[in-house]
Amino acid sequence: MGAEQLFPTLVLVGLVVATATALIVISSLFGPARRKSREKFDTYECGVQLLDSARRRFSVKFYLTALIFLLFDIEAVFLIPWAVIYRKLGVLGLFETFFFIAVLGIGLLYIYRRGALEWD
Amino acid sequence: MSTLEIIVTCIKVLAVFTALQMAVPVLVIMERRGVSFIQDRVGPDRCGPFGLLQPFADAAKLVFKEDITPRHVDKLLYFLAPAFCLIVPTVAFAVVPFGSGIRIGDFTLSFQIADFRVGVLYLLAILSMSSFGVVCAGWAQNNKYGTLSALRGVAQSVSYEIAMCLAVVAVVMSTNSDSGVSSTAMSTIVADQGGTYLGFFPKWNVFTQPIAFFIFLAAMYAETNRTPFDFVECEQELVAGYMTEYGSMKFSMLFMGEYIAMALQSALLVTFFLGGWTLPWVDLGDGSIAGGIASVIVFLVKWFAVAWLYIWVRWTLPRLRYDKLMDLGWKALVPLALINIVATAFVGVWLRS
């Protein structure tokens, strides 16, 4: 079931990559070449003179969110194999996974209480 | 694979790809006419009958616009980002079953590009890349609006992705895998929703997993950056967000990517919760030509209904506040999804014993 499913996927990937490349090339071919002035290539800032770079410090919350995401997303994907066979595992498997989900829940509660989810 | 199979596969992929590209103008005209209807005005009605050709006119206009690259951009990422936005949702569509399939002799034409046994994992893997395009675009253009938009976008989509993953886990759990088929394959998830309870009530997951349905619905809007969660490009604050420095066809590609993602998410909602191509009272999966075509039509009708919901919500609900968005994602949807999984597991094991 593997290889014959992979072939159409690769055809699709090839098709969409080719289309994306073609679209980028098309716009540079058909676009008119007009006079180039300095202001035209400046960064857009509502028409006023550029003050400084956009590469500035930003809130650590974004970094923290990404970090928490990594932990929880791995755990969410880890639940999928169990979700496939949880009926066969029966009551024992049920409680083992409940322990796992409880650890997840306690982790979430900890993050919540430490204020990592506060945005104001 | 025989030569015939390879040719048929290529034609099928090309047809699906074209249909997905055509979903963009359809959604655009639906949105523009829809908002006109909601706001009690006419909307675009000059190009073709009922203004149906308006998106094509817009695309033609964008092709002939001047293609400039601003001075301060990170060149590589600036060119990669639009391509990325377009590629990711299109590739993810490969596992969506959009019809039952037609059997002629011993040749089967399945209406699905690739039916992986781990279709759900494939989908989650590809979807988790969907924020890359926004980050690349926002960061590469070295613009304050773009940077803010990229930061917001990635924090928002990763937060809601967890809720979405957990909702999908609940769907996989409620899919019956007793007969040896893989319940992570998209075709199994759809086939399991065919038929009825007690002879009349549809076996759709929206009835067995209502909480997961609403979590997925909320996450769907957040993932595609649509109102009420459109913080990535809220026009009043961030101009055009991560699209600010883009022009010509590159802007068009970002725009197309966004609408293809909308089309994909609508298709996923239909597949996971609304029974996909199945019709509860009629068996469309018998392999006949009429059944195959009817199943595609059923899928399209459901898809249009969900896509219209997107537009309806956009022009009905106001935008949230950013801290409320993160609160909803982390403090409401994620715990709710975990509780839903626990409840589903209890019921599943109890029904079996």
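The values are calculated or read from the model by the stated rules, or taken from the named source; none is laboratory data. Not measured: the values here are computed from a predicted model. FYI the Cβ positions are ideal-geometry reconstructions off the backbone, even for glycines, and counts take in every protein chain you see. Please note that ligands, DNA and RNA were not included when accessible areas were found on the heavy atoms of the full protein model with its side chains. Shrake-Rupley method; radii C 1.70, N 1.55, O 1.52, S 1.80 Å.
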(request) Give the ranking of A:Glu39, A:Glu45 by solvent-accessible surface, highest area first, calculated with a 1.4 Å probe. (result) A:Glu39, A:Glu45
(request) Quick one: what are the phi-derived ³J(HN,Hα) couplings along the stretch B:125-131, Karplus 6.51/-1.76/1.60 with θ = phi - 60°, whole Hz, x for glycine and proline? (result) 5, 5, 5, 5, 8, 5, 7
(message) List residues of the stretch B:324-351, by number, whose backbone nitrogen lies under 18 Å from a label position 7 Å along Cα→C-beta of B:Gln236.
(response) B:324-325
(request) Could you tell me the accessible area of B:Lys65 in Å² (1.4 Å probe, neighbours in place), rounded to the nearest ten? (result) 90
(request) Please find, in a Gaussian network model of chain B (springs between Cα atoms separated by less than 10 Å), the residue of B:Ile38, B:Ile29, B:Ile104 whose mean-square fluctuation is greatest. (result) B:Ile104
(request) Hey, for a label at B:Asp74 modelled as a point 7 Å past Cα toward Cβ, could you say which residues of the stretch A:23-66 have their backbone N under 11 Å away? (result) A:55
(request) Evaluate peptide B:140-149: per residue, the Cβ atoms of other protein chains within 10 Å of its Cβ; return the mean as an integer. (result) 4
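Looking at the stretch B:262-340, which chymotrypsin sites (Phe, Trp or Tyr not before Pro) are in a loop (DSSP not H, G, I, E or B) and have at most 12 other Cβ atoms within 10 Å?
Working: sites: B:Phe272, B:Phe273, B:Trp277, B:Trp281, B:Phe299, B:Trp303, B:Phe304, B:Trp308, B:Tyr310, B:Trp312, B:Trp315, B:Tyr322, B:Trp330; in loops: B:Trp277, B:Trp281, B:Trp315.
Of the chymotrypsin sites (Phe, Trp or Tyr not before Pro), the ones in loops of the stretch B:262-340 whose Cβ has at most 12 other Cβ atoms within 10 Å are B:Trp281.
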(request) Could you compute the FRET efficiency for B:Val42 and B:Ser353, with r as their C-beta to C-beta distance and R0 at 51 Å, rounded to 0.05? (result) 0.25
(request) Work out how far the C-alpha atoms of the stretch A:30-89 reach from end to end along every principal axis, then list the three figures in whole Å, largest first. (result) 71, 37, 14
(message) Once R0 is set to 41 Å, what does the formula 1/(1 + (r/R0)^6) return for the Cβ-Cβ distance between B:Phe200 and B:Arg103, expressed as a FRET efficiency to the nearest 0.05?
(response) 0.90
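Let me check something: with ligands and nucleic acids excluded, how do B:Thr244, B:Thr271 order by accessible area (1.4 Å probe), largest to smallest?
Correct descending sequence by accessible area is B:Thr244, B:Thr271.
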(message) Taking every alpha carbon pair in the protein assembly as shown, what does the distance histogram look like in 10 angstrom bins from 0, in percent?
(response) 4, 19, 29, 27, 15, 6, 1, 0
(request) State the volume of the convex hull built on the alpha-carbon positions of chain B, expressed per residue in Å³ and rounded to an integer. (result) 159
(message) I'd like the distance separating the alpha-carbon centroids of the stretch B:198-215 and the stretch B:117-183, in whole Å.
(response) 23
(message) Can you give me the distance in nm between label points at A:Tyr110 and A:Leu92, each placed 7 Å from the Cα along the Cα-to-Cβ direction?
(response) 2.9
(request) Return the subset of A:Lys61/B:Lys324; B:Lys12/B:Lys203; B:Lys144/B:Lys324; A:Lys61/B:Lys331 for which the Cα-Cα distance in this structure is over 20 Å, preserving the input order. (result) B:Lys12/B:Lys203; B:Lys144/B:Lys324
(request) Report the convex hull volume per residue for the stretch B:198-353, counting only C-alpha atoms, in Å³. (result) 149
(message) Leaving out ligands, DNA and RNA, and with a 1.4 Å probe, what % of the accessible surface on the protein assembly as shown is carbon or sulfur?
(response) 70
(message) Which order do you get for B:Asp286, B:Asp106, A:Asp42, A:Asp73 if you rank them by accessible area with a 1.4 Å probe, largest at the top?
(response) B:Asp106, B:Asp286, A:Asp42, A:Asp73
(message) Between B:Phe56 and B:Ala290, what is 0.36 nm times their sequence separation minus the Cα-Cα distance? Round to one decimal in nm.
(response) 81.0 nm
(request) Beyond 23 Å between alpha-carbons counts as too far, so tell me which of A:Lys88/B:Lys302; A:Lys36/B:Lys65; A:Lys36/B:Lys75; B:Lys75/B:Lys250; A:Lys40/B:Lys65 fall in that bin. (result) A:Lys88/B:Lys302
